[in-house]
Each structure stands twice: as structure tokens, then as C-alpha cells.
1. Whole-Hz Karplus ³J(HN,Hα) for region 381-391, in order, using 6.51 cos²θ - 1.76 cosθ + 1.60 and θ = phi - 60°, x for Gly and Pro?
2. Under 5 Å between amide hydrogens, which residues at least 5 positions from Tyr512 or on another chain qualify, with H placed 1.01 Å from N in the peptide plane?
3. Peptides 365-372, 11-18: what's the order by average Cβ count within 10 Å, highest mean first?
4. Taking Cα pairs under 8 Å and at least six residues apart, what relative contact order does region 473-555 come out at, in percent?
5. Find, to one decimal place in angstroms, the Kirkwood hydrodynamic radius of region 3-163, where the mean of 1/r is taken over every pair of different Cα atoms and then inverted.
6. So what does log10 I(q)/I(0) come out to for region 311-465 at q = 0.18 Å⁻¹, using the Debye formula with one equal point on every Cα and no solvent?
7. Kindly state, as a whole number, the per residue volume in cubic angstrom of the convex hull around the alpha carbon atoms of the chain.
8. Given labels modelled 7 Å from the Cα in the Cβ direction, how far is it in nm from Asp111 to Ser72?
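Please treat every number below as a calculation from the coordinates, not as lab data. Values in this document were obtained by computation on a predicted structure and should not be read as measured data. Cβ atoms come from the backbone with ideal geometry, glycine included; neighbour counts cover every protein chain shown.
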Amino acid sequence: MNEEQRSVLLKSSPNFPPPKGVRLSYGTAGFREDATILKSTVYRIGILAALRSIKTQSVIGLMITASHNRVSDNGVKIADPNGGMLSQFWEPFADSIANASDPHQLVLLIDDFVRKEEISFNGNRAAEVLLGRDTRPSGESLLDAAKEGISSIIGAVSHDMGIVTTPQLHWMVRARNMGLKSTEHDYFQQLLQSYRCLLDLIPDGNKTNKTDRLNDKVLVDGANGVGGDKLEIFSEICDGLLVEVRNSSKGEGILNELVGADFVQKEKVLPVGFGPNDAGKRCASFDGDADRLVYFLVQPGSSRIELVDGDKILSLFALFIKDQLSVIKDEGKAHNSYQARLGIVQTAYANGASTSFLKNLGLDVALTPTGVKFLHEKALEYDIGIYFEANGHGTILFSETVLTWLEDKNREYSSISKDSEEQKAVSRLLAVSKLINQAVGDALSGLLLVEAVLRHTGWSIQKWNELYTDLPSRQLKVKVVDRTSVVTANAETVAVQPAGIQDAIDAQTVKYRHGRCFIRPSGTEDVIRVYAEAATQEEADSLANSVAKIVDQFLGSGSCH
Ligand code: 16G
Ligand code: MG
């Protein structure tokens, strides 16, 4: 780093002093804190984004959001050149600069890192960062801090994409780096065309007339955030989609307060804006930055809901993709030995009933630790990798190889068997690869794919929900002195530290029918999480409680929730 660069950094950084007495951490998905203490962090992550852009010689994304957290929080995360999460190798650098106590220490850390990573400032290669933010009121001033950080790296420029969903920003970064059209308009057009393509290919027997469809709209809870707003814009240009958005950011409600995918999934109660009149209807919920999607059904005469979670969405998608692949496979056997490898990726939180269902379909199911970056990485190992967390984060990834194969097949069928079932299956899979966000899980595109698949199969949400019955489960969190003293292995299914704790957990678990239980340190809160599953709700509750007590005994005093 030359003198000029050093002095630019030394000049701007004193305007962004770090908060005192707080240890900041990039965590599972970026920094998240009370918005009032985040300016210095966002400024510093702006610097990181510019450096990452120089290093990768690509466009990088910087998103200001705290997802499903309360409105007074905010956060910042980075989208890498392929539209995925920031490389884990850069996370320690993010942590260290966020916590640098003064400008000199900050510049020292940057200098060191730049040298180690061999980031070259020569050649005037400009860094380019796309900026996005959700609807939080604190977003605007944090955006300014990000811009300051970016522009304190000489030659770096930022482009403000405005208020967007997290997946939109990831999509834009990926598209830019692939040399594709990358505006919000382009995003909507891609969704529109691929969604229409899937509707055009619905088997004749399942095509519904317009009157039937009018009675079959999907009701969407937008968490009082950006996702509902974008869905409203989209539904205006998409006449094939019948949707009623509730809880958009323009209403009176507060972001994520008693609404949104996280609330619905964790509490299993109706979000604000939904009531008894919605009983039996197909409802969906986004989280605050629209990268999570769950569906639900309103129970007659009750505030409880029947949750149709990420596992069920995954199962619906897996069935659909598997069916399409089987049509193509049969045709191709004689002269083409290629078989697309379809893989499913879940975490230990996936309901055991979903995993059994998927395995019974003959599918390959892999488990990874919690957090999109782990699932995404694993899904990339397949030709078509479908990943979902139960909480509604997920997408379907198509490899270059499978896309080329599908394009070839499409050409082949066009000349020998146009409009055959085989060609339709190929076209459907190509449409899915364009509809579903290839960068990261996306509630809006996920919703469109669910809607298209339900219309394709002619299924109601009730029928979909009956694919399998969830095993009763319970999640608890236990406050402990030091959550890092729990170390897990085998995709968080085994606690290897503290010594002896897993044996104690196992001794409880075996007492319960269909018992399954694991503990893990949260990546976003200072707690140990407990997950338990068993044949009845009482048993799941009892197992979770007894394991929470074990955690408390092993890890010192705390309280269970
Ligand atoms: C973050 C993760 C999510 C994970 C959750 C777990 C992303 C984009 N988000 O929200 O995947 O399920 O953290 O939280 O990776 P926990 O570690 O507090 O249980
Ligand atoms: Mg989110």
C-alpha cells in the first residue's frame, strides 16, 4: 500500500470511530447489531468490499440489512463475485478490521492483509461495489458510511442499487460478473419469462380456467419489509400470478414485528394481518430482506397455523425435478449415458420425516452445518443441488454441465420430437434454472416456483402438506457463560466438547420414541441452541428440556427459554 493510499485511509477513518466495549463478529451471515453502533463497521466493510473487488477483479456486493431482526438493528454483509456469500477465508479479516481500536491499527491491519493477499493497487484497476439496503430507516446513513469506506480505496467506485431484497443484490452481482443484464428490471423480466414458460408447459389436464384461479390466489405476508413491495411490483407485470400482498413496507406495521417468515416459523402462530377468514387458504411469509420463504395454512378457529416449511418446499421441488429428469433420462439412455446427479442438502434442523421422505424417493441427502454458505457449497457438488433449511432459506443450483446437457437435449428434441414430453421436461428444467435464483435463496423466486409447481401438479396446499407428517419438535436456547465451549462435529449432530456431554444427551435421547436431539452454539446470538424431535409433542418438549438442563450443568449457570 503506498503512502497516498495510507493517508487517504488515515484521513477518512477518524470520522468513523468504533463503538467502545463491543466485540463485533461477522457471524453466520454478516455483522448484525443495534444500528446506532454500526457506522464504523459498515465503513470498514466498505473498505473490505473494495479490496475484495480489486483482489478478484470482479464486481462485489455490499448489502445493508439485519434480515429478520428487529427494526432497530441493522447489519452488513458481502456478496462475492459469483453472487454467493463472502469467502470464509476473508471473514477473519472482516472481524479484525471491524474491531480495530483506532485509525492507525486499522491501517496496519489493512496493510498487512494487502501484503499477505498480494492485492496490487497498481494498474489503476478500479474496484466496483454494488450497494443495496432493506427498508430500515437506519439504512440511508449506513449507506453513506459504506460509500465513504469504498471511496477511501483509491480508484474504487460504488453504485447504489437502492432498496432491494438481499437476493436481488446477490443476483445483480452474479449477473454483472457474467456479463449479463443486471438491473432490477432485468431481474423481473427473467423471472417473468421463466415463470410464464412453466405455466405454458402445465399438462393439459391441470390447466385451470381464470375463474378457478381467481379463487386460488396466494396471500403473502411481506414482513412489513422490502419483499412484499417487490412482489407487488412483480405481480403488476405478471398477469399469470394471483397474489395478495399483506404487510408491505408501505403499511402501518413495524418491520418483522409479529410478522414475517422467522416469526411464523418459530412461533407457529398467525402473523398480523391474517385471521379466521383466511382459513384453508394458501398463505406464504417472507422475512425482512426476502431471502426466506415459508408457507402456512390458517387453522379454523385458532391462532395457530399449520406450517409448510423449508423442508416441505424442498420436498416439492425435489419431486418435481426428479420427475422431469426421469422423463429425459429414459429417452436419452440409448445414445447418451450422461445422468444428471440430483442431490439434496439439509441441516440437522430438517425434520426427520422430511429426510426419510426424501431418502425413500431414492435421493441422495447430505447434511451440512447451519448457515447458507455451508449448504450452498455442498449443493454445488451436484449437477442439480437442492438445498433448504427448515427456516426457509434455500434454492436449486444447476451446474454448467447439466445446463449444457439440457441445452443440447433441447436442440436435439427440437429437430426430432418437438413438443414431446421429453422436450417439455427439458424446457421446464431450463425454465427452473432461470426462475430460481442461482446466487442465493430468494423468497420471491421461490414463491413463483412453488406456485408454478402446484399448478403443474394440480395440488392444493393441503395436498402438498400431506406429502409427509412432521415429527413433533421443540427448539430451546440456553444462555451460557461461553458458547464457544461447545464444539460440534458431523454437521452439528454430535457435540465433541465439552467432554462427556454427548453421552449425557444420548442417554436421554434413547428414552424417547423417534427421539433425536442435538445442541449447537448459535452463530447469531450468545446462546446454545437445543433441538429435539420425538413421537409426540410432549416427548419432544420433555427431551428438549432435559437436554437444556444438561447444557446448563456442563456449561455453568444460565437460563433456558
Ligand atoms: C443466519 C443464516 C441462516 C441460519 C441462521 C442460524 C444466512 C444467510 N443466514 O440467519 O442460514 O439458519 O443464521 O442462526 O446464512 P443461529 O446460528 O443463531 O441458529
Ligand atoms: Mg433474511
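1. 6, 9, 6, 10, x, 10, 10, 8, 8, 4, 6
2. Answer set, sorted by chain and number: none.
3. Details: 365-372: 19.2, 11-18: 16.4.
Ranking, from highest mean packing down: 365-372, 11-18.
4. Value for region 473-555: 39 percent.
5. Values: mean 1/r = 0.0654 Å⁻¹.
15.3 Å is the Kirkwood radius here.
6. Values returned for q = 0.18 Å⁻¹ are -1.09.
7. Numbers: hull volume 89.5 nm³, N = 561.
Looking at the chain, the number lands at 159 Å³ per residue.
8. That separation, rounded to one decimal, is 4.0 nm.
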